[in-house]
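Enquirer: Got a structure for you, written out below as structure tokens; questions coming shortly.
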Amino acid sequence: MRIRVLIFLSLVIFLLCGCESKTTPVRVNLNSISFSADITYYNESYSCDCAITKTGDLTVNITSPENLKDLSFAFSGETCKIMYAGMSVSCDEHFLPEASAVRVMSDILKKYDASECEKNERNLVINGTVDGKKFTLSVSPTGLPISLQTPDLGMTVNFKNVTLIK
């Protein structure tokens, strides 16, 4: 009798504890973060420091190459403010070329749709199209971005030092 009770209790504990579900949802977090981005766009390479506010406003400060250092972009809603050497231009976001690396990154980070995603061994991979541009966004299990590729434009963005901000 005692053995049956122990076996029964062991079976109940085993069934209740079980294994962790493999379908644990990953919550993608692309707001309230700061990061450094290494952008490769065709044959050009850029580095920039970026921040996305809680409301989704994106600020991009180019740090290299040297001739573009201190060029900044501030995206808020449909407007973009471009700043360089103490001068600034506020304009409609569409003032930038449609294939501008900074604009493409901004559009995808604002308008991505996580419904087209799959989970590989480690990360969440989001495949989609924004404004006719196909992209692949890789996100860590913590929900923070790792990389972004837009094969049609020859653009790759690697996110580094991603941190949460208040």
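The values are calculated or read from the model by the stated rules, or taken from the named source; none is laboratory data. Not measured: the values here are computed from a predicted model. All Cβ positions, even for glycine, are placed from backbone atoms using ideal geometry, and neighbour counts span all protein chains on display. For accessibility, only protein heavy atoms count, side chains too; no ligands or nucleic acids. Shrake-Rupley method; radii C 1.70, N 1.55, O 1.52, S 1.80 Å.
Enquirer: Would you check if residue 106 is assigned to a helix (DSSP H, G or I) and open to solvent by less than 40 Å² (accessible area, probe 1.4 Å)?
Expert: The answer is yes for residue 106.
Enquirer: If you take just the strands (runs of 3 or more DSSP E) that sit entirely in the stretch 114-165, which of them hold at least 2 residues that are touching a Cys at 6+ places or on another chain (Cβ under 6 Å) and not basic (Lys, Arg)? Can you show your working first?
Expert: Working: elements: 117-119, 124-130, 133-139, 145-150, 155-164.
Per the criteria, 124-130.
Enquirer: Which one is modelled with the lowest pLDDT among residues in the stretch 25-52 that are part of a loop (DSSP other than H, G, I, E, B) and open to solvent by less than 60 Å² (accessible area, probe 1.4 Å)? Walk me through it before giving the result.
Expert: Residues of the stretch 25-52 part of a loop (DSSP other than H, G, I, E, B): 25-32, 42-43.
Now restrict to residues that are open to solvent by less than 60 Å² (accessible area, probe 1.4 Å): 26, 28-30, 32.
Details: 26: 62, 28: 82, 29: 81, 30: 87, 32: 92.
Once the filter is applied, the top-ranked residue is 26.
Enquirer: Same structure, new question: Of 142, 55, 150, 63, which residue is at pLDDT 90 or above, open to solvent by 60 Å² or more (accessible area, probe 1.4 Å) and of a type in the set (Val, Ile, Thr)? Give the steps one after another, and end with the answer.
Expert: On the way: 142 fails: at pLDDT 90 or above; 150 fails: open to solvent by 60 Å² or more (accessible area, probe 1.4 Å); 63 fails: open to solvent by 60 Å² or more (accessible area, probe 1.4 Å).
Selected residue: 55, the only one of 142, 55, 150, 63 that is at pLDDT 90 or above, open to solvent by 60 Å² or more (accessible area, probe 1.4 Å) and of a type in the set (Val, Ile, Thr).
Enquirer: Follow-up. Considering only the stretch 90-99, I want to know if a residue exists there that is at pLDDT 90 or above and not small (Gly, Ala, Ser).
Expert: There is no residue in the stretch 90-99 that is at pLDDT 90 or above and not small (Gly, Ala, Ser).
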